Amino acid sequence: MSISLTETFTSILKHQLAQIADSRLAIAFSGGVDSSLLAKVCASTRHDVILLTVGFISSRDIQLTRAMQQTLQLPIVDRVIALDEMEEGLTQVLRVIEWNRISRLEICLGFYFVFKLASTLQLSTVLSAHGTDELFCGYHAYRRVYDDEAAVTTLMRNLVETAQTDKVEVDKLARLFNIDYHCPFLSDSFIEYAMKVPLDLKITHQDDALRKHLLRTVATQLGVPECVTSRPKRAFQYSAGIHKAIKHLAKHQGYTRYNAKKAGYTSAMEAYIASLPRH
């Protein structure tokens, strides 16, 4: 693997971090390879770094981040969100954002509580590793089009555009808490670099369950442990327990798949969300 590719990877990230005036950075941290890599790069700069994790019900992310604290040697603050508070947050998010798919709503809800936690800690700048799955073939969808490089490129551009649109909505929530939200991997310079990385450094074959190989190599070089760099991707809304928690709230409010479909909705969760006030 080209040394220049890995060096360029970290140098672009460091350049993006140098543009941030705030000396204290909070990172939305899941304990996965992407946010661990970002934490390592941030820690190598002049910034003071604190890792923030939120979880819902029995969250995998909370367990992983607590296990990672000694390895990364960075302060970690985690918080489990109670279901009643989650419902209140969900109502607030629905009043602020525009959404056309459940995954965007769930992502925004997670960040709402990350920003809320940052605000209570008097932190004003939050970073995330959003964009890595789009740019380094993290999603399973890349396996389906692996044999057609043009299709891979088209999918990548579409997913990056979706990620950028998602960030517009997350930014609205950040402003509620006077937070500056940054996604270094979605910067123009990093996107330009990542789009030129050879496909076989991202995904090696149609059955590649790991993917994101260049990113994992960089993480390893920065000292992220193998137990993290070799862990397959799991979406934020699932690892943090967001999806499960919303389903739990829907069930608690009496929504079932049967009565939801009878009312014209595709799921109990969709019917529950539709019942929440928007004003």
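The values are calculated or read from the model by the stated rules, or taken from the named source; none is laboratory data. Here the structure is a predicted model, which is why all the values come from computation and not from measurement. Every residue, glycine as well, gets a Cβ built from its backbone with ideal geometry; the counts of neighbours run over all protein chains shown. For accessibility, only protein heavy atoms count, side chains too; no ligands or nucleic acids. Shrake-Rupley method; radii C 1.70, N 1.55, O 1.52, S 1.80 Å.
Which of (1) open to solvent by less than 30 Å² (accessible area, probe 1.4 Å); (2) in contact with a Leu (Cβ under 9 Å, 6 or more places away or on another chain); (3) part of a helix (DSSP H, G or I); (4) not aromatic (F, W, Y) does I12 not meet, given it meets every other one?
Failed condition: (2).
Quick test for you: out of E226, E192, pick the one residue that is among the charged types (D, E, K, R), on the phi < 0 side of the Ramachandran plot, modelled with pLDDT of 95 or more and surrounded by fewer than 18 Cβ atoms within 10 Å (Cβ to Cβ).
Of the residues listed, the single one that is among the charged types (D, E, K, R), on the phi < 0 side of the Ramachandran plot, modelled with pLDDT of 95 or more and surrounded by fewer than 18 Cβ atoms within 10 Å (Cβ to Cβ) is E192.
From L121, L199, grab the single residue that is out of contact with any Lys or Arg (no Cβ under 8 Å at 6 or more places or on another chain), hydrophobic (A, V, I, L, M, F, W, C), closer than 30 Å to Q92 by Cα and surrounded by fewer than 18 Cβ atoms within 10 Å (Cβ to Cβ).
L121
Among (1) under 30 Å from M156 (Cα atoms); (2) surrounded by 14 or more Cβ atoms within 10 Å (Cβ to Cβ), there is one condition R79 misses while meeting the rest; what is its number?
(1)
So how many residues does segment 66-98 have that are hydroxyl-bearing (S, T, Y) and farther than 20 Å from C42 by Cβ?
Total meeting the criteria: 1.
Considering segment 167-202 alone, what residues qualify as being closer than 20 Å to E106 by Cα and either in a helix (DSSP H, G or I) or of a type in the set (S, T, N, Q) (or both)?
Within segment 167-202, K167, V168, E169, V170, D171, K172, L173, A174, R175, L176, L186 qualify.
Scan A194, A260 and give me the residue that is closer than 25 Å to T154 by Cα and out of contact with any strand residue (DSSP E or B) (no Cβ under 7 Å at 6 or more places or on another chain).
Going through A194, A260 in turn, just one is closer than 25 Å to T154 by Cα and out of contact with any strand residue (DSSP E or B) (no Cβ under 7 Å at 6 or more places or on another chain): A194.
Return the pairs, sorted by first residue and then second, in which the second residue is among the acidic types (D, E), the first residue lies in segment 239-261 and is at pLDDT 90 or above, the beta carbons are less than 6 Å apart, and the residues are 6+ apart or on different chains.
Listed by first residue and then by second, the contacts come to L249/E87.
Hey, could you check segment 18-39 for residues that are surrounded by fewer than 20 Cβ atoms within 10 Å (Cβ to Cβ) and either aliphatic (A, V, I, L, M) or in contact (Cβ under 8 Å) with a residue 60 or more places away in the chain (or both) and say which is farthest from M68 (Cα to Cα)?
That would be A21.
Inside segment 207-279, counting only helices (runs of 4 or more DSSP H) that do not spill past its ends, which hold 3 or more residues that are over 18 Å from L83 (Cβ atoms) and touching a helix residue (DSSP H, G or I) at 6+ places or on another chain (Cβ under 6 Å)?
Per the criteria, 213-221.
I need the full set of residues from segment 65-86 which are part of a helix (DSSP H, G or I) and either basic (K, R) or at pLDDT 95 or above (or both), in order please.
R66
May I ask you to say which residue of D207, D133 is of a type in the set (D, E) and open to solvent by less than 60 Å² (accessible area, probe 1.4 Å)?
Checking each option against the conditions leaves just D133.
Taking only segment 149-177 into account, find how many residues are surrounded by 14 or more Cβ atoms within 10 Å (Cβ to Cβ) and in contact (Cβ under 8 Å) with a residue 40 or more places away in the chain.
9
Could you please find all residues in segment 158-194 being β-branched (V, I, T) and under 20 Å from Q92 (Cβ atoms)?
Once the filter is applied, which keeps residues that are β-branched (V, I, T) and under 20 Å from Q92 (Cβ atoms), segment 158-194 yields V168, V170, I179.
Out of the residues in segment 94-108 that are among the β-branched types (V, I, T) and more than 12 Å from I273 (Cα to Cα), state the one that is surrounded by the fewest Cβ atoms within 10 Å (Cβ to Cβ).
Among them, the one singled out is V96.
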